[in-house]
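Beneath this line is the structure, given in structure tokens, with notes to follow.
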Amino acid sequence: MALFRRRKKARPAGPDRAPDRADLDHLENFVRTRRGVEAFIEPRTTVTETTVILIADDGEWTRRRIDGPEGARRFAHKLAIPIYDVRLMGYPQRMRDYNERRKRRPELY
């Protein structure tokens, strides 16, 4: 049976994949529609590509793939928002508070 002979193509090692246009549109829309948005670079791991997480002043957040740390910095500079490295700064308390509120009252979100 030929089903088991097919192999998935291995993901090429090396630089991060570029984000889809839909990813960038989502991030830009998040910045335009929220107040006090800051960006945090999340490093590439064995499981995920480099991502950028945007966190609004109320703690609401979104995360999408980005084309490496330099791509995240260019994105933040283009939208004039501050950017931090999550390995150095950690996640802000307002994000943890927002997640806790969502757990307690999921019907509101």
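General observations
- For Asp85, residues with placed amide H under 5 Å, excluding near neighbours: Ile41
- Sorting the segments 41-48, 75-82 by their mean number of nearby beta carbons within 10 angstrom, highest to lowest, gives 75-82, 41-48.
- What the Cα convex hull of the stretch 17-108 gives, in volume per residue, is 110 Å³.
- Note, ³J(HN,Hα) from phi for the stretch 57-68, Karplus 6.51, -1.76, 1.60, rounded to Hz, x at Gly and Pro: 5, 8, x, 4, 9, 8, 9, 8, 5, 9, 7, x
- In this rough spin-label picture, where each label sits 7 Å from Cα along the Cβ direction, the Arg74-Met89 distance is 2.1 nm.
Every number here is computed from the coordinates shown, using simple stated rules; none is lab data. Model, not experiment: these values are computed from the prediction. We place every Cβ from the backbone using ideal geometry, glycine too, and count neighbours over all the protein chains shown.
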